[in-house]
Amino acid sequence: MTSRVTLITPAMNASLRQARFDDGASIDAGGAQRAGAVGELLPAAARVLVSPSVRCRETAAALGLDGAEAEELAGLDVGRWRGAVLDEVAAREPEAVARWLGDPASAPHGGESVEDVRARVARWLEACRDVDGRTLAVVEPDVVRAVVVQVLGAPSSAFWRLDVPPLTATTVSGRGGRWNLRLGDPLEGAEGTRAASPGGS
């Protein structure tokens, strides 16, 4: 049995443009239009899942997908930093931001650490081994980062070194206890503008 998981990132919105921690903003009109234009190119799937954020739900709808919300695929919980622009937080709390970006086990904002997200997503990915066929999921970029780090067996410190553009597909396929990785396909060419990341470009 081979399990395939295709992760699609949400369309562009104001928060992504501003490197703002998700504040529940809707996707841009242009992003919605682009998603609508490529939805028919997506591969067929045995199940469809969606991160619970507004931008992921709206992207799924624009793609023509009717998916079940999956709390385990939520983006990293940044606690009291939610809705703030990274540069503003860094100016206000430079030591806390440096600790958060440098230590994957740190969560100075009171939410989740990178290690927490990696563990949560790893449990979900392990459960996917029992799903025959393809899982299609519209997810936050943090989930894609966690999957890539986990599949490659990379240190959690690599999490913020991964840039995950909007409306791209990352696919992992596995059987026999290992996963293979295909990442960063633009949806226009998937078998199935770039988002700023807190760790840099």
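The values are calculated or read from the model by the stated rules, or taken from the named source; none is laboratory data. If you're wondering where the values come from, they're calculated on a predicted model, not measured in any experiment. Note that each Cβ is placed from the backbone with ideal geometry, even for glycine, and that neighbours are counted across all protein chains shown. These accessible areas exclude ligands, DNA and RNA; they are computed on the full protein's heavy atoms, side chains included. Shrake-Rupley method; radii C 1.70, N 1.55, O 1.52, S 1.80 Å.
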(request) Filter the stretch 3-52 down to residues that are of a type in the set (Val, Ile, Thr) and either open to solvent by 40 Å² or more (accessible area, probe 1.4 Å) or in contact with a Gly (Cβ under 7 Å, 6 or more places away or on another chain) (or both) and give me whichever is nearest to GLU88 (Cα to Cα). (result) VAL50
(request) Could you grab the pairs with beta carbons closer than 6 Å, sequence gap of 6+ or different chains, first residue in the stretch 122-133 and more than 17 Å from PHE159 (Cβ to Cβ), second one in a loop (DSSP other than H, G, I, E, B) and open to solvent by 30 Å² or more (accessible area, probe 1.4 Å)? (result) ASP132/MET1; GLY133/ALA46
(request) For the stretch 11-43, enumerate the residues that are at pLDDT 90 or above and touching a Phe, Trp or Tyr at 6+ places or on another chain (Cβ under 8 Å). (result) PHE21
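For residues that are among the β-branched types (Val, Ile, Thr) and either assigned to a helix (DSSP H, G or I) or open to solvent by 70 Å² or more (accessible area, probe 1.4 Å) (or both), scanning just the stretch 78-102, find the one that is farthest from ARG20 (Cα to Cα). Walk me through how you get there before you give the answer.
Applying the first criterion (among the β-branched types (Val, Ile, Thr)) to the stretch 78-102 yields 78, 85, 89, 97.
From the residues that got through so far, the ones that are either assigned to a helix (DSSP H, G or I) or open to solvent by 70 Å² or more (accessible area, probe 1.4 Å) (or both) too are 89, 97.
Details: VAL89: 10, VAL97: 14 Å.
Among residues in the stretch 78-102 that are among the β-branched types (Val, Ile, Thr) and either assigned to a helix (DSSP H, G or I) or open to solvent by 70 Å² or more (accessible area, probe 1.4 Å) (or both), the one farthest from ARG20 (Cα to Cα) is VAL97.
Of the residues ARG55, ARG134, which single one is open to solvent by less than 60 Å² (accessible area, probe 1.4 Å), under 26 Å from GLY31 (Cβ atoms) and in a strand (DSSP E or B)? Show your work before the answer.
Working: ARG55 fails: in a strand (DSSP E or B).
From the options ARG55, ARG134, the qualifying one is ARG134.
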(request) Look at the stretch 103-117 and say how many of its residues are open to solvent by 40 Å² or more (accessible area, probe 1.4 Å) and assigned to a helix (DSSP H, G or I). (result) 2
(request) Enumerate the pairs (first residue in the stretch 160-176 and among the hydroxyl-bearing types (Ser, Thr, Tyr); second residue anywhere and at pLDDT below 90 and assigned to a loop (DSSP other than H, G, I, E, B)) with beta-carbon separation below 8 Å, excluding pairs fewer than 6 apart on the same chain, so at least 6 apart or on different chains. (result) THR168/ALA190; THR171/GLU191; THR171/GLY192; SER173/THR2
(request) Out of the residues in the stretch 159-178 that are open to solvent by less than 30 Å² (accessible area, probe 1.4 Å) and not hydroxyl-bearing (Ser, Thr, Tyr), state the one that is modelled with the lowest pLDDT. (result) GLY174
